[in-house]
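Participant: There's a structure below that I have some questions on.
The values are calculated or read from the model by the stated rules, or taken from the named source; none is laboratory data. Remember, predicted model here, so these are calculated numbers, not experimental data. FYI the Cβ positions are ideal-geometry reconstructions off the backbone, even for glycines, and counts take in every protein chain you see. Please note that ligands, DNA and RNA were not included when accessible areas were found on the heavy atoms of the full protein model with its side chains. Shrake-Rupley method; radii C 1.70, N 1.55, O 1.52, S 1.80 Å.
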Amino acid sequence: MLAIDSHAHIWGHGFVPPAFFRAAAEGWAAKEESRRPEMIMPKLLEGIVDPDGDDFVANMDRAGIDASMIMMIDVGGPVFGEEPETPPEAQIEFYAELQRRHAGRLFCHVSVDAARPDHLDLTRRALRDHGLRGIGEITPNGFSAADPSIRPMLEIAADEGVPVQVHTRAGVWTDMDGSDLTEGNPVHPLHVARLARELPELRIILCHAGFPHWWQVAAEAVADLPNCMLDISNWNEVFRGAEAEMIARLATWRGIVGAERLLFASDQPSGPRFTGTRSHLGEWADFIRALPENAARHGYRFTPEEAAAIMGGNAARLYRIEEE
Ligand SMILES: [Zn+2]
């Protein structure tokens, strides 16, 4: 069965500024008097680094994953008030090299903060000159997916015929849970639905399918918008020990948007902190691969064709990579 992870992350050295991990480092230090945030910072910064994708692809091989959609995130001056060591242009070249080195295995995306004056030029060149395969991950922070400020960038994706991945988990960056669960929250799935209605030729992935609070509204919001798909990343954080619930949720999503619009995904990060024995990618992939058997155990019915579509067929169709 073709297995495509539709949402994952690889970072090179210096892609993320220390400011990105400051909250996490302070949280760690607060637990013990002898600790200082700067003691853990190097481990946090280096722990996500994979200089050439080899370790990440080895992790995919262990999990039986054929291909992964790799996201870029721009967490520099505009968002965190501190620029990373490696600027966006060099990050784009890194992703182009990853794609060359792991042809047919890694499909990389561009995502440059729309607050940067050169974001349109960088985005266009990343897609046209470097052959990156989509825009993502867009994390609505201070703007929503329907905001005019990012529309020109999204129109480039529509013109180039590549998909866009938009974050719809209630929390952003290292704030995993989020606090504002209303539509006032710019990451709320309803904003993506507005975008999809206004730009019907744009193919959009709702990353994380509204994890955890908005899982139903994420599907309902795009039920009649065929240009939208849901990726199920982050649900891998909660499926173990709650299989019946996960099956019921998958069946509900299927009922609302159809199995043909669900994408297997993990949000797997790169680096020594997250791959190898620390990665549960294999368990999550096996759970979806065995969806017909797992569903039957809980009184639901999923066909092998539906499992194959969710596991990779839908992503291959969306990204037009069947041949590759
Ligand atoms: Zn992500």
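Participant: Name the residues in the stretch 222-232 that are buried (at least 24 other Cβ atoms within 10 Å of the Cβ) and more than 16 Å from the ligand (Cβ to nearest atom), would you?
Facilitator: Val222, Cys228
Participant: Taking the condition surrounded by 17 or more Cβ atoms within 10 Å (Cβ to Cβ), under 26 Å from Asp231 (Cβ atoms) and touching a helix residue (DSSP H, G or I) at 6+ places or on another chain (Cβ under 6 Å), does Leu98 pass?
Facilitator: So Leu98 fails the test.
Participant: Could you look through the stretch 244-288, keep only residues that are touching a His at 6+ places or on another chain (Cβ under 7 Å) and part of a helix (DSSP H, G or I), and pick out the one that is surrounded by the fewest Cβ atoms within 10 Å (Cβ to Cβ)?
Facilitator: Ala244
Participant: Pairs under 8 Å by beta carbon, first residue away from the ligand (no atom under 16 Å from the Cβ) in the stretch 116-145, partner small (Gly, Ala, Ser) and open to solvent by 10 Å² or more (accessible area, probe 1.4 Å), six or more apart or different chains?
Facilitator: From residues that are away from the ligand (no atom under 16 Å from the Cβ), the pairs are Phe143/Ala114; Phe143/Ser149.
Participant: Here's something else I'd like to know. Assess whether Val217 counts as being at pLDDT 95 or above and either within 18 Å of Phe143 (Cα to Cα) or within 16 Å of the ligand (Cβ to nearest atom) (or both).
Facilitator: Values: at pLDDT 95 or above: yes; either within 18 Å of Phe143 (Cα to Cα) or within 16 Å of the ligand (Cβ to nearest atom) (or both): no.
Taking the combined requirement at face value, the residue does not satisfy it.
Participant: Output the number of residues of the stretch 66-83 satisfying the condition of being within 16 Å of the ligand (Cβ to nearest atom) and either more than 25 Å from Leu122 (Cβ to Cβ) or open to solvent by 10 Å² or more (accessible area, probe 1.4 Å) (or both).
Facilitator: Counting residues in the stretch 66-83 that are within 16 Å of the ligand (Cβ to nearest atom) and either more than 25 Å from Leu122 (Cβ to Cβ) or open to solvent by 10 Å² or more (accessible area, probe 1.4 Å) (or both) gives 3.
Participant: With Ser111, Ser144 as the choices, which residue is buried (at least 17 other Cβ atoms within 10 Å of the Cβ), more than 21 Å from Ala315 (Cα to Cα) and at pLDDT 95 or above? I'd like the intermediate steps shown before the answer.
Facilitator: On the way: Ser111 fails: more than 21 Å from Ala315 (Cα to Cα).
Ser144 is the lone residue from the list that is buried (at least 17 other Cβ atoms within 10 Å of the Cβ), more than 21 Å from Ala315 (Cα to Cα) and at pLDDT 95 or above.
Participant: Still on this structure, please answer the following. Please name all residue pairs, on different chains or six or more residues apart, with Cβ atoms under 6 Å, provided the first residue is in the stretch 92-113 and is closer than 18 Å to Pro163 by Cα and the second residue is part of a helix (DSSP H, G or I) and aromatic (Phe, Trp, Tyr).
Facilitator: Within 6 Å, the pairs are Cys108/Tyr95.
Participant: Here's another thing I want to ask about it. Return yes or no: is Ile150 without any contact (Cβ under 8 Å) to a residue 60 or more places away in the chain, more than 16 Å from the ligand (Cβ to nearest atom) and in contact with a His (Cβ under 7 Å, 6 or more places away or on another chain)?
Facilitator: In short, no.
Participant: Tell me which residues, restricted to the stretch 123-141, are among the aliphatic types (A, V, I, L, M) and open to solvent by 10 Å² or more (accessible area, probe 1.4 Å).
Facilitator: Leu127
Participant: If we scan the stretch 148-165, do we find a residue that is modelled with pLDDT of 95 or more, within 30 Å of Glu237 (Cβ to Cβ), in contact with a Cys (Cβ under 7 Å, 6 or more places away or on another chain) and open to solvent by less than 10 Å² (accessible area, probe 1.4 Å)?
Facilitator: To start, the set of residues in the stretch 148-165 that are modelled with pLDDT of 95 or more comprises 148-165.
Those left that are additionally within 30 Å of Glu237 (Cβ to Cβ): 150, 153-154, 157, 162-165.
Checking the rest, the ones that are also in contact with a Cys (Cβ under 7 Å, 6 or more places away or on another chain) come to 165.
Now restrict to residues that are open to solvent by less than 10 Å² (accessible area, probe 1.4 Å): 165.
Yes, there is a match, as at least one residue in the stretch 148-165 is modelled with pLDDT of 95 or more, within 30 Å of Glu237 (Cβ to Cβ), in contact with a Cys (Cβ under 7 Å, 6 or more places away or on another chain) and open to solvent by less than 10 Å² (accessible area, probe 1.4 Å).
Participant: To continue, here is another question. Regarding the stretch 14-37, can at least one residue be identified that is in contact with a Ser or Thr (Cβ under 6 Å, 6 or more places away or on another chain), crowded, with 18+ Cβ neighbours inside 10 Å and farther than 28 Å from Met229 by Cα?
Facilitator: Yes, because at least one residue in the stretch 14-37 is in contact with a Ser or Thr (Cβ under 6 Å, 6 or more places away or on another chain), crowded, with 18+ Cβ neighbours inside 10 Å and farther than 28 Å from Met229 by Cα.
Participant: Another question, if that's okay. Which of the residues spanning the stretch 289-324 are among the polar types (S, T, N, Q) and open to solvent by 20 Å² or more (accessible area, probe 1.4 Å)?
Facilitator: Thr303
Participant: Of the residues Trp253, Trp235, which single one is among the hydrophobic types (A, V, I, L, M, F, W, C) and without any contact (Cβ under 8 Å) to a residue 40 or more places away in the chain?
Facilitator: Numbers: Trp253 fails: without any contact (Cβ under 8 Å) to a residue 40 or more places away in the chain.
Unique residue meeting the criteria: Trp235.
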